[in-house]
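Trainee: Take a look at this one; I'll ask things after.
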Amino acid sequence: MSKVFSTSLRCRLPCLLFFFQGALLLLFILFVTYDEHTDAASQSPDADPSANQLYAFFSLFQDIQLMLLVGLGLLLAFMKGYGISAVAYNFLMANFATQWALIVQGFMHHYHQGKVHLGLYNILTAEFAAVTVLISAGAVLGRTSPLQLLLMALCEIPLYVVGEWLTVTRLQAVDVGGTITLHVFACYFGLGVSIALYRPGLQRGHPKENPSYLSDLLSLVGTMILWVFWPSFIASLARQGDAQHRAVLHTWVTLSSSALTSFATSSLLEKKGKLNMSHLQNATLAGGVAIGAVADMAITPAGASVLGIVSSLACILGFKYMTPFLATKIHLQDQCGIHNLHGLPGIIGAVGGIVAILWIPDEAYGLRLHQVFPPHAPPLGNISMAETTSEGQELGRTASQQALYQAAGLGVSFVVSLVGGYLTGLVLKLPFLAQPPDDLCFDDALYFKIQEPVETWCVVQAHEDLHLPLKDNV
C-alpha cells in the first residue's frame, strides 16, 4: 500500500493551469508574432493566395487533430472504470503540451529578430511534440493524478525538443514520420517515469484495471480512427511531391499488412483461436509506428508490407511473452503496453531505416536523393563531396556513414528519454501532487464528478424490466 496523501485537486489544479496559461499569455504578448504566411503586411500585391502554406497543411492538420483527441483518447479508454479519465486527461494534456511546445520549439527553432514567428506549421510540429507526452502517459495511466501528468508534460517537452535537435539537426538522421524521435523517445521516457513510480501494491494487478465489453469496444473504435488517419500523420512533414506520395502509400500498405497479421497471429496464439482485444487494439497500428523512419524512402510496397508484418508480430509477441517477463523480473509496470506498440516497432523501424539506406541504391531516387537524404547527397551536385554547412554538418556522406548516424540517433533518443523519464518520475513522487493511493487507482470517481456507470445502469434496468431481485454486488 502506498503512502496516502491528499488527493484533492481544489486550488492545486486551478493554480497550476491559471499560472501556466498566464505565463504563456505573457510570452505570447512579448515574443510571438506572425510568420510570413500569416502576416498580411508582408504579402506582395500579386501574391497567389493558393500558394499559402495553409492549403498544404490544413487538411493534414485536421486529420492529426482527430487522431490526437478522438482516436488516441478512445484507444486509452480500455479500462472499465477509467474511460472518462483517459479521454479527459488526453484532451487536457494535448492542449497543455501543444501550447508549451509552441514556446519551447519557437525559441529553439523559430526565434529571430527578437520574435518567435508563428504559423500553422509551428502548431503541426508542436502537436508532434504533444504526441510524445500522450504516449508516455500510457505507461502510468490510472495511477497518476492530473497534476503529475501535467508536470510530466512540462518536463518532457523540452527534453523531446533537445533530443529531436540532436538527432535530426546535429546528427542529420532521417526520420520523416518520427519513429526514432517521437515513438522511441515517448516509449522509453514513459517507461523511465513508470520505473521511478513503481507501486509494489499494484504488482499483482488491480480489479478496476480490467476492461469491460463497452470499454474494449470504445478502444477498438479509437484504434480504427487512428488507423484511418495515420497516413496523414506520417506524410504531414514529408516533402511535397513524390516523397509525400510514397509516405502515404507505404503507410497504408504497412498498416494493412499489420491488420491482417494481427488477426492471424492473435487467433493462432490464443486458446480455441479466439481473438485477443489487446492485440487488435495495438498490433494493428504497429506498422504505422515502424514506417515513420523509412516512409519517404524507396523501400517499395513489398518492403512496406514486410515492415508491417514484422512489427505486428513483435507487438503481439511482446504482449504475450515480454510484458509478463518484464513485469516479473524487473517490476516494470506498463499500463497500456507502450513498449509493445511504440518501443519494439520503433526499434524495428529504426533498424529498417538503416537497412534501407545500405541496400537501396542512390539511383532509385534520381535527382531527388538530396530531398530524402539531405546530408547523404549534395543538392544536384552543386556542393563538393564532404563539404560542410555553416552549422558543421557534413554533406556528401556515404550510405554507410549515414547508416551509422541513424544508429547514433536511435541511441541518443533511447538514452535521453530513459534517463530523462526516470528523473522526471522522481520529481513526480513529491507528496503535494495528489498521487492516488493504490486502492483508488484506475477509478474515474476519484477526480471526476460522474454519473452512474453505464454497465451498472444496464444491469439494474434489465433486472427491473424482468422484475428480478438485484444481487448485492450490482
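Trainee: Residue check: is Ser384 among the polar types (S, T, N, Q) and modelled with pLDDT under 95?
Mentor: yes
Trainee: Restricting to the range 417-431, and then to whatever is more than 13 Å from Val140 (Cα to Cα) and of a type in the set (A, V, I, L, M, F, W, C), can you tell me which residue is surrounded by the fewest Cβ atoms within 10 Å (Cβ to Cβ)?
Mentor: It comes out as Leu430.
Trainee: Under the condition of being surrounded by fewer than 24 Cβ atoms within 10 Å (Cβ to Cβ) and hydrophobic (A, V, I, L, M, F, W, C), which residue from the range 330-343 is modelled with the lowest pLDDT?
Mentor: Selected residue: Ile330.
Trainee: Here are some residues: Ala314, Ala350, Ala304, Ala298. Which one is within 26 Å of Ala173 (Cβ to Cβ), among the aliphatic types (A, V, I, L, M) and at pLDDT below 95?
Mentor: Criteria check complete, one pass: Ala298.
Trainee: Another question about this same structure. Tell me which residues, restricted to the range 409-444, are closer than 22 Å to Glu156 by Cβ, of a type outside the set (Val, Ile, Thr) and more than 21 Å from the chain's Cα centre (by Cα).
Mentor: Result: Leu426, Lys429, Leu430, Pro431, Phe432, Leu433, Ala434, Gln435, Pro436, Cys441.
Trainee: Out of curiosity, is Thr167 over 19 Å from Leu69 (Cα atoms) and either out of contact with any strand residue (DSSP E or B) (no Cβ under 8 Å at 6 or more places or on another chain) or not in a helix (DSSP H, G or I) (or both)?
Mentor: yes
Trainee: When you scan the range 334-345, do you find a residue that is over 26 Å from Gln406 (Cβ atoms) and of a type in the set (Val, Ile, Thr), even just one?
Mentor: So far as the range 334-345 goes, no, none of its residues is over 26 Å from Gln406 (Cβ atoms) and of a type in the set (Val, Ile, Thr).
Trainee: Another one. Given the conditions (1) touching a His at 6+ places or on another chain (Cβ under 7 Å); (2) more than 27 Å from Trp165 (Cβ to Cβ), which single one is not true for Asp35?
Mentor: Among (1) touching a His at 6+ places or on another chain (Cβ under 7 Å); (2) more than 27 Å from Trp165 (Cβ to Cβ), the lone unmet condition for Asp35 is (2).
Trainee: Criterion first (more than 26 Å from Phe373 (Cβ to Cβ) and in contact with a Ser or Thr (Cβ under 8 Å, 6 or more places away or on another chain)) does Glu164 satisfy it?
Mentor: Against the criterion (more than 26 Å from Phe373 (Cβ to Cβ) and in contact with a Ser or Thr (Cβ under 8 Å, 6 or more places away or on another chain)), Glu164 does not qualify.
Trainee: Report, ordered by the first and then the second residue, all pairs with beta carbons closer than 6 Å, sequence separation of six or more or different chains, a first member in the range 158-175 that is touching a residue at least 40 places away in the same chain (Cβ under 8 Å), and a second member that is in a loop (DSSP other than H, G, I, E, B) and buried (at least 22 other Cβ atoms within 10 Å of the Cβ).
Mentor: Final answer for the pair search is Thr167/Ala173; Asp175/Ala293.
Trainee: Here's a follow-up. Which ones in the range 145-162 are outside any helix (DSSP H, G or I) and out of contact with any Phe, Trp or Tyr (no Cβ under 9 Å at 6 or more places or on another chain)?
Mentor: none
Trainee: What is the residue count in the range 125-172 for residues that are within 29 Å of Gln281 (Cα to Cα), of a type in the set (Ser, Thr, Tyr) and crowded, with 24+ Cβ neighbours inside 10 Å?
Mentor: Qualifying residue count, the range 125-172: 4.
Trainee: Is there a residue being surrounded by 24 or more Cβ atoms within 10 Å (Cβ to Cβ) and either small (Gly, Ala, Ser) or without any contact (Cβ under 8 Å) to a residue 12 or more places away in the chain (or both) anywhere in the range 309-329?
Mentor: yes
The values are calculated or read from the model by the stated rules, or taken from the named source; none is laboratory data. Everything quoted here is computed from the prediction, not taken from an experiment. For neighbour counting, all protein chains shown are included, and Cβ atoms are generated from backbone atoms with ideal geometry for every residue, glycine included.
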